[in-house]
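Comments concern the structure below.
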Amino acid sequence: MTAIADEKRKTGAEDVVWDLTPLYDGVEDPAIQRDLAAVQEAAQGFTTAHRGAIARYDAPTLRAVIEEKVAIEDKIYRLLAFAMLNFTTDSANPQFGMLMQAVMEAKSKVDQALVFFELEWNAVPEDAARNLIADPALRDYAHHLEAQRRYEPHQLPEDQEKLILDKDVTGIQAWERFFGQFTSALRYEVDGKQLTQSEVLTQQFAADRAVRQASHAAITRTLKDNLMPLGYIINVVAADKATDDRLRGYQSWIASRNMSNKAPDAVVEALINTVTSNYEVVARHYRLKRALLGLDELTEYDRYAPLPTKDSDQFYTWEQAREIVLNAFYAFNDEMGDAAKRFFDENWIHAAPGDNKRGGAYAHPVTVSAHPYVFMNYNGKPRDVMTLAHELGHGVHMLLSGKGGILYDLSTPLTTAETASTFAEMLVFHDLLSRETDAEVKLSMLAQKIEDSFSTIFRQVAMNRFEDALHRARREKGELGTEQINALWMGTQRAMYGDSVNLTDDYGVWWSYIPHFISTPGYVYAYAFGELLVLALYNIYQREGESFVPKYVAALTAGNSDYPDVIMREVGVDLNDPNFWQEGIDALAELVTEEEALAREVYPEKF
């Protein structure tokens, strides 16, 4: 793809905003208040009708009760999605903030009313529960009911569960909301201009080292100026999690996340150990990059520098990105292509940058009675094209897993939730690479793909190691000062790069803007899980060709209807084999070997 010369660098995504009217007509839609009242009333009615009776129901009656509960959850999920989708596009809008709070408070009341169901279901004697799960009347909910019983050892009495749900609205959820609003409102001054977080982070990928250095300094300066509130927030979140884990009897800070991910502790430990023992793969790439850039040393603001090739400042319009992504999806499978196309045609994407728009990207499933939405900040960079592919992968996965109309099949565990998104990136990358004939451009593309994989595998595991150190220290030592947190961050990040990148002390504060640590502690290893899984899946695809496609689509359609290891077994992957993760690392190492050989071919004078 040829770079586009455009002084204003308009992407065409400036007006790409989603249409939320399938949910509500706007924040002042009177249906919102009616639904807020109705859903809380329905939840209370559900409690009145069924509390104390779950153990007495036969399978057909229990199915009817579950579907009554699902209808309530469907309505509150629609409300929550509408509020959250609006809020992330402009967190400074007071109407969006007030609606978000109102819905969160309503959801807390709904959750409190419904919490008895899981408690009573998990109290059903094992033999009776097994017979109910095996009954054809409950076939659609069998896995959900069986998986729910895993939580029985960690549940509290109903009055305590309700109290926690009630306090979370003004406790941990309030801190999560404040962090989002606070970081979205931060501005970073570069050359006299006030940039948003998305804008200033984009400059870390600039070809001009001076631009990268200036944006790095701006980020560091702004984060340092705000370390007091950011440090306090992460301490509160860590303390709240420690309390919750203690009350529920979880033996480690990560145990509840592993259970939610349906990933046994031993599987996660094998993943982490495999990745951390292969940090040398990272160092190999960055030593090569240092030579190609002609620098005496690489610093943290050089990690994402493009190689100095003819397309080092590549730029893609929104229409080009759309064409690239859809071509790759359709080349793999028409059903996936058609599903992805709907996001563009039916305005399910919000790509336009905004002053108070949250940074990053996500896909949100909403619920089975609606459809997913994709959120991103599109700036025309090659990385943005891959982000679009990634989030559309999520979106297609959500559409497919919702086809059966079963709510609980829709939200896959975080580990396998990253499968479709990362596979979609792989499809786009290989489609682009196969069309490219210029060796210099191929090298640039290969280097970028390797760095994307590093970010997904090694960087996320290094961040997991930071979280591990943070949560352990918070529990052992009490509240941590920001200098202590900085030291934990630097220790885990320097371990990954070794001698290949000089991480300066300024980088010590960069933990403070990462939202996953606040909103979903323990999340980050799921990216590595998904990426390594996809490397294996893509290798199988290359071996099997077309026969792989229907098995893969079936795995996506299965959603959360079974355990990940069961679903993946159908496509030829054994997630319980501790050696499985090394296969993915070896595949990535082969890419680095290919990169090294190509670099010596294209730039022999540099070696």
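What pairs come up if the first residue lies in the range 119-141 and is under 11 Å from Glu152 (Cβ atoms), the second is part of a helix (DSSP H, G or I) and polar (S, T, N, Q), and their beta carbons are under 8 Å apart, counting only those six or more places apart or on different chains?
Trp121/Gln148; Asn122/Gln148
Can you tell me which residue in the range 334-360 is surrounded by the fewest Cβ atoms within 10 Å (Cβ to Cβ), limited to those that are assigned to a loop (DSSP other than H, G, I, E, B) and modelled with pLDDT of 95 or more? Even if it seems obvious, please write down each step before you answer.
Within the range 334-360, the first condition is being assigned to a loop (DSSP other than H, G, I, E, B), and the residues that meet it are 346-348, 351-360.
Filter once more, so that each one left must be modelled with pLDDT of 95 or more: 346-348, 351-352.
Details: Glu346: 12, Asn347: 16, Trp348: 22, Ala351: 26, Ala352: 18.
My answer is Glu346.
Only one residue in Ser198, Ser215, Ser252 is more than 28 Å from Asn356 (Cβ to Cβ) and among the polar types (S, T, N, Q), so which one is that? Outline the logic, then answer.
On the way: Ser198 fails: more than 28 Å from Asn356 (Cβ to Cβ); Ser215 fails: more than 28 Å from Asn356 (Cβ to Cβ).
Step by step, each of Ser198, Ser215, Ser252 is checked, and only Ser252 is more than 28 Å from Asn356 (Cβ to Cβ) and among the polar types (S, T, N, Q).
I'd like to check something: does the range 186-194 contain any residue that is of a type in the set (A, V, I, L, M, F, W, C) and either free of Cβ contacts under 8 Å to residues at least 24 places away in the same chain or surrounded by fewer than 17 Cβ atoms within 10 Å (Cβ to Cβ) (or both)?
Scanning the range 186-194, I find no residue that is of a type in the set (A, V, I, L, M, F, W, C) and either free of Cβ contacts under 8 Å to residues at least 24 places away in the same chain or surrounded by fewer than 17 Cβ atoms within 10 Å (Cβ to Cβ) (or both), so the answer is no.
Within the range 90-103, count every residue that is surrounded by 19 or more Cβ atoms within 10 Å (Cβ to Cβ) and in a helix (DSSP H, G or I).
Result for the range 90-103: 4.
Here's the yes/no breakdown for (1) without any contact (Cβ under 8 Å) to a residue 40 or more places away in the chain; (2) under 19 Å from Asp302 (Cα atoms); (3) not polar (S, T, N, Q):
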residue: Met426; (1), (2), (3): no, no, yes
residue: Asp431; (1), (2), (3): no, no, yes
residue: Thr437; (1), (2), (3): yes, no, no
residue: Lys442; (1), (2), (3): no, no, yes
residue: Gln448; (1), (2), (3): no, yes, no
residue: Asp452; (1), (2), (3): no, yes, yes
residue: Phe458; (1), (2), (3): no, yes, yes
residue: Phe466; (1), (2), (3): no, no, yes
residue: His471; (1), (2), (3): no, no, yes
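So, Arg322, is that one free of Cβ contacts under 8 Å to residues at least 12 places away in the same chain and either among the β-branched types (Val, Ile, Thr) or over 19 Å from Asp499 (Cβ atoms) (or both) or not?
Working: free of Cβ contacts under 8 Å to residues at least 12 places away in the same chain: no; either among the β-branched types (Val, Ile, Thr) or over 19 Å from Asp499 (Cβ atoms) (or both): yes.
It is false that Arg322 is free of Cβ contacts under 8 Å to residues at least 12 places away in the same chain and either among the β-branched types (Val, Ile, Thr) or over 19 Å from Asp499 (Cβ atoms) (or both).
Out of Arg322, Arg383, report the one residue that is among the basic types (Lys, Arg), in the same structural domain as Met568 (by TED's automatic domain parsing), in contact with a Phe, Trp or Tyr (Cβ under 8 Å, 6 or more places away or on another chain) and surrounded by fewer than 22 Cβ atoms within 10 Å (Cβ to Cβ).
Matching residue, one of Arg322, Arg383: Arg383.
Enumerate the pairs (first residue in the range 35-55 and without any contact (Cβ under 8 Å) to a residue 40 or more places away in the chain; second residue anywhere and hydrophobic (A, V, I, L, M, F, W, C) and buried (at least 19 other Cβ atoms within 10 Å of the Cβ)) with beta-carbon separation below 7 Å, excluding pairs fewer than 6 apart on the same chain, so at least 6 apart or on different chains.
Filtered contacts from the range 35-55: Ala42/Ile72.
Among (1) within 27 Å of the chain's Cα centre (by Cα); (2) buried (at least 18 other Cβ atoms within 10 Å of the Cβ); (3) not acidic (Asp, Glu), there is one condition Phe117 misses while meeting the rest; what is its number?
(1)
For Ile457, all conditions in the list (1) not assigned by TED's automatic domain parsing to the domain that holds Ala331; (2) not in a helix (DSSP H, G or I) hold save one; what is the number of the exception?
(2)
Give the range 473-494 a look and list any residue that's more than 21 Å from His216 (Cβ to Cβ), surrounded by fewer than 15 Cβ atoms within 10 Å (Cβ to Cβ) and not acidic (Asp, Glu), or say none.
Selection gives Lys477, Gly478, Gly481.
From the list Gly380, Gly405, pick out the single residue that is farther than 22 Å from Val524 by Cβ and without any contact (Cβ under 8 Å) to a residue 60 or more places away in the chain.
Selected residue: Gly405, the only one of Gly380, Gly405 that is farther than 22 Å from Val524 by Cβ and without any contact (Cβ under 8 Å) to a residue 60 or more places away in the chain.
Yes or no, residue by residue, for (1) of a type outside the set (Gly, Ala, Ser); (2) assigned to a helix (DSSP H, G or I); (3) farther than 15 Å from Leu227 by Cα; (4) assigned by TED's automatic domain parsing to the domain that holds Ser252:
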{"residue": "Ala469", "(1), (2), (3), (4)": "no, yes, yes, yes"}
{"residue": "Ala473", "(1), (2), (3), (4)": "no, yes, yes, yes"}
{"residue": "Leu480", "(1), (2), (3), (4)": "yes, no, no, yes"}
{"residue": "Thr492", "(1), (2), (3), (4)": "yes, yes, yes, yes"}
{"residue": "Ala495", "(1), (2), (3), (4)": "no, yes, yes, yes"}
{"residue": "Ser512", "(1), (2), (3), (4)": "no, yes, no, yes"}
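Residue under question is His397, and the condition is that it be assigned by TED's automatic domain parsing to the domain that holds Leu537 and at pLDDT 95 or above; does it hold?
yes
The values are calculated or read from the model by the stated rules, or taken from the named source; none is laboratory data. These figures come from a predicted structure and were not determined experimentally. Cβ coordinates were reconstructed from backbone atoms using ideal geometry, including for glycine residues, and neighbour counts include every protein chain displayed.
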